[in-house]
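Read through the structure below, which is laid out as structure tokens, and then see the notes.
The values are calculated or read from the model by the stated rules, or taken from the named source; none is laboratory data. Keep in mind that this is a model prediction, so the values were computed, not measured. FYI the Cβ positions are ideal-geometry reconstructions off the backbone, even for glycines, and counts take in every protein chain you see. Only protein heavy atoms, including side chains, enter the accessible area calculation; ligands, DNA and RNA are left aside. Shrake-Rupley method; radii C 1.70, N 1.55, O 1.52, S 1.80 Å.
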Amino acid sequence: MAPSLSTTVKITALLVTLMLGVTVVIADRHEQDANAAAPSEFKTLIASSGDGAGLSVAVSGDTAVVGAYRDTVGLTYAGAAYVFQRNQGGTENWGQVKKLIASDALAFDFFGRYVAVSGDTAVVSGGSAAYVFQRNQGGADNWGEVKKLAASDAQSGSGLGGDVAVEGDIAIIAAWGDAAYLFHRNQGGADNWGEVKKLSPANPLAANSFGSSLAISGNTVVVGASNTFVGACCVGVVIVFERNEGGADNWGELKELTSSDMQAAESFGRSVGVSGDTLIVGSDGTFGAGIDTGKAFVFQRDEGGADNWGEVKRITASDAQPGDGFMNVAISGDTVIVGAEGEDAGGDGAGAAYVFQRNHGGTDNWGEVEKLIASDSQPGAFFGKSVAVSSYTSVVGADGWSGGGPDESAAYLFLEPTPTPTSTLTPTPTNTPTPTPCPPGKVPANVGCGTPTLTPTPKGPDGDTDGDTIPNSTDPDDDNDGCTDVQELGPDETLGGRRNPHNPWDFYDVETISGPGQDGVVDLLFDILGVINHYHPAAGGAPPNDAHYDRGPSAGPNAWNMTAPDGVIDLLNDILGVIRQFDHRCT
């Protein structure tokens, strides 16, 4: 999704010299060239074991969850899931903070078969139910169980033991059968996760495998039905649902997707991922180099018409071979990762994963940037059985299930080099940049360069206040900045959280050509250079002229509510904050 505040200018690298001689460089990972740095293995989250760790993985910001569906926990194959947190046990160390177990665990439940995480919420399924865990339930970082989810119309032998997905206050769980169920936080009571919709396909042929894969992003839910008959057995389809399709909060079916080269037994939809306006689908069928090579397809929302979700790219591995199983997909923003569990560079079935990025090799081209292999690669590990990605962090699972021999399962964390600002001291200060009139295109035409008062309009039951003709009562994006209210209210900054859904410019729009005040855009000239020039009073700023640049740390449940100024224009809260806001993204 394109950034909302910098619609005409996107920074690839921003080099600014501070008044005190400190140089800050901010690089945008979404504008990488052919020499872009690739992810490197950082940590093995769970070492080799026989508990099935690695069949399912999930990551959101600084939190990763790894399912271990064969963990005994006192009961044979009752299952478990592990939560890991960045900086747990040391700076930048990803340490385990909790082992999750179902409150009513039973033998052969396979709890942890599917896992999902978003911000402070984790969802784990197995057997016939799914469970919701919250980070601070029962204590700080305790990750306590808050709800066992069950379908309202559950039948004997069926239940919510299938794939899971969660984002913000919405969770979706597949049933063993022909449906998937949507749950909302606070439905039926504060912090209660209540069922709001049963999703079923309009195409009856898709019913027998509907829910084979799930994904959610904003107002879009994607469901795979990989065994659907489309002229031949098991070709597979993927179905897109939208929140307001057919009515407010109706979650109606919008589009049924098929691949551009439908083949028998292709199993299109074996895995799916969605991020903003981009959708990725994995398929394990015949292609090119031979049977079960695997492939992935990229779809874009408005390709071929409004809300059409048209195919824009077919992705394959650069070294594709028969039996690779290149089909397990995940997406975050402009990065796609595809697991190939059968790839045998490290031995028969050792596995690999491939990283692709948008604009690599050409505009809107999804080019391969790296092939990932476990540092302890070994035959039968099936590295790439599961994949997950969030911003700069990727997790790859290796199920290693041998069906009788040694069971080598693990999960591996990879980190893409992040654009961390680096400081270099220089002996002499530089001149203060002189403000100039607003550059063309930097400020919305209906705002201008003056000092208008921008007052966020509370969401009301009638009318439309953001100019998109959608009534406020049903508008999923109150401030029309391209991020949904759900994303902005969420705790995960990588998904757009910690923003005010009623104000597209937030708290870093502090300067205009004539001084303090909002001009309607967080820009380079006034806001970024302004806060840098006031990094320290000795740089030329003095109270009260620099006071409006001092935003203080965020606080409270809505983290855009800033605390009182902390008395210093600092790098963390002020300079990095405004730079981050300048290139704000929701995916």
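Just a yes or no: is a residue in segment 243-252 crowded, with 18+ Cβ neighbours inside 10 Å and more than 17 Å from D178 (Cα to Cα)?
Residues of segment 243-252 crowded, with 18+ Cβ neighbours inside 10 Å: 243, 251.
Okay, now just the ones that are also more than 17 Å from D178 (Cα to Cα), so 243.
Within segment 243-252, one or more residues are crowded, with 18+ Cβ neighbours inside 10 Å and more than 17 Å from D178 (Cα to Cα).
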If you scan segment 569-587, which residues turn out to be outside any helix (DSSP H, G or I), at pLDDT below 75 and of a type outside the set (S, T, Y)? D583, H584, R585, C586
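Looking only at strands (runs of 3 or more DSSP E) that lie completely in segment 289-390, which have at least 1 residues being of a type in the set (D, E)?
Numbers: elements: 295-300, 310-315, 326-332, 335-340, 352-358, 366-372, 383-390.
Filter on segment 289-390 gives 310-315, 366-372.
What's the total number of residues in segment 140-163 that are in a loop (DSSP other than H, G, I, E, B), open to solvent by less than 20 Å² (accessible area, probe 1.4 Å) and more than 26 Å from S391 (Cβ to Cβ)?
First pass over segment 140-163, keeping only residues in a loop (DSSP other than H, G, I, E, B): 140-143, 150-163.
Now narrow it down to the ones that are open to solvent by less than 20 Å² (accessible area, probe 1.4 Å): 143, 151, 159-162.
Next, only the ones that are more than 26 Å from S391 (Cβ to Cβ) stay: 151, 159-162.
Residues meeting the conditions: 5.
So, in segment 41-68, how many residues would count as being modelled with pLDDT under 65 and not aliphatic (A, V, I, L, M)? Walk me through it before giving the result.
Taking segment 41-68 as the starting set, the residues that turn out to be modelled with pLDDT under 65 are 47-50.
After this cut, where a residue has to be not aliphatic (A, V, I, L, M) as well, the list is 48-50.
Residues meeting the conditions: 3.
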Checking A320 against (1) more than 25 Å from D302 (Cβ to Cβ); (2) open to solvent by 10 Å² or more (accessible area, probe 1.4 Å); (3) under 21 Å from the mean Cα position of the chain (by Cα), which single condition isn't satisfied? (3)
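Could you please give the count of residues in segment 180-207 that are outside any strand (DSSP E or B), touching a residue at least 40 places away in the same chain (Cβ under 8 Å) and within 14 Å of V223 (Cα to Cα)? Don't jump to the end; show me each part of the working.
Within segment 180-207, the subset outside any strand (DSSP E or B) is 186-192, 200-207.
When the remaining residues are screened for being touching a residue at least 40 places away in the same chain (Cβ under 8 Å), the result is 191-192, 201-203, 206.
Within this subset, residues satisfying the condition of being within 14 Å of V223 (Cα to Cα) are 201-203, 206.
Going through segment 180-207 one residue at a time, the tally reaches 4.
Inspect segment 253-274 for any residue being closer than 20 Å to P476 by Cβ, surrounded by 24 or more Cβ atoms within 10 Å (Cβ to Cβ) and either at pLDDT 95 or above or in contact with a Leu (Cβ under 9 Å, 6 or more places away or on another chain) (or both) and give the result as yes or no. Please lay out each step first, then the result.
Within segment 253-274, the first condition is being closer than 20 Å to P476 by Cβ, and the residues that meet it are 253-255, 274.
Of the ones still in play, those that are also surrounded by 24 or more Cβ atoms within 10 Å (Cβ to Cβ) are 274.
The next check asks that each one be either at pLDDT 95 or above or in contact with a Leu (Cβ under 9 Å, 6 or more places away or on another chain) (or both); those that pass are 274.
Taking every residue of segment 253-274 in turn, at least one turns out to be closer than 20 Å to P476 by Cβ, surrounded by 24 or more Cβ atoms within 10 Å (Cβ to Cβ) and either at pLDDT 95 or above or in contact with a Leu (Cβ under 9 Å, 6 or more places away or on another chain) (or both).
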Evaluate segment 69-87: report whether one residue or more is at pLDDT below 90, in a strand (DSSP E or B) and buried (at least 24 other Cβ atoms within 10 Å of the Cβ). no
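Condition check ((1) in contact with a Pro (Cβ under 8 Å, 6 or more places away or on another chain); (2) surrounded by fewer than 20 Cβ atoms within 10 Å (Cβ to Cβ)) across all residues:
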site	(1), (2)
F326	no, no
V329	no, no
A340	no, no
G347	yes, yes
S377	no, yes
Within segment 392-412, track down each residue that is at pLDDT 50 or above and surrounded by fewer than 22 Cβ atoms within 10 Å (Cβ to Cβ). Y392, W401, P406, D407
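Scan segment 322-337 residue by residue and report those that are touching a strand residue (DSSP E or B) at 6+ places or on another chain (Cβ under 7 Å) and not aliphatic (A, V, I, L, M). Explain how you work it out, then say what you get.
Our first condition is that a residue be touching a strand residue (DSSP E or B) at 6+ places or on another chain (Cβ under 7 Å); within segment 322-337, this holds for 322, 324-337.
Correct list: P322, D324, G325, F326, N328, S332, G333, D334, T335.
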What is the one condition in (1) touching a helix residue (DSSP H, G or I) at 6+ places or on another chain (Cβ under 8 Å); (2) within 29 Å of S318 (Cα to Cα) that A248 does not satisfy? (2)
Can you pull out the residues in segment 175-211 that are open to solvent by 40 Å² or more (accessible area, probe 1.4 Å), closer than 24 Å to F268 by Cβ and among the small types (G, A, S)? S200, A202
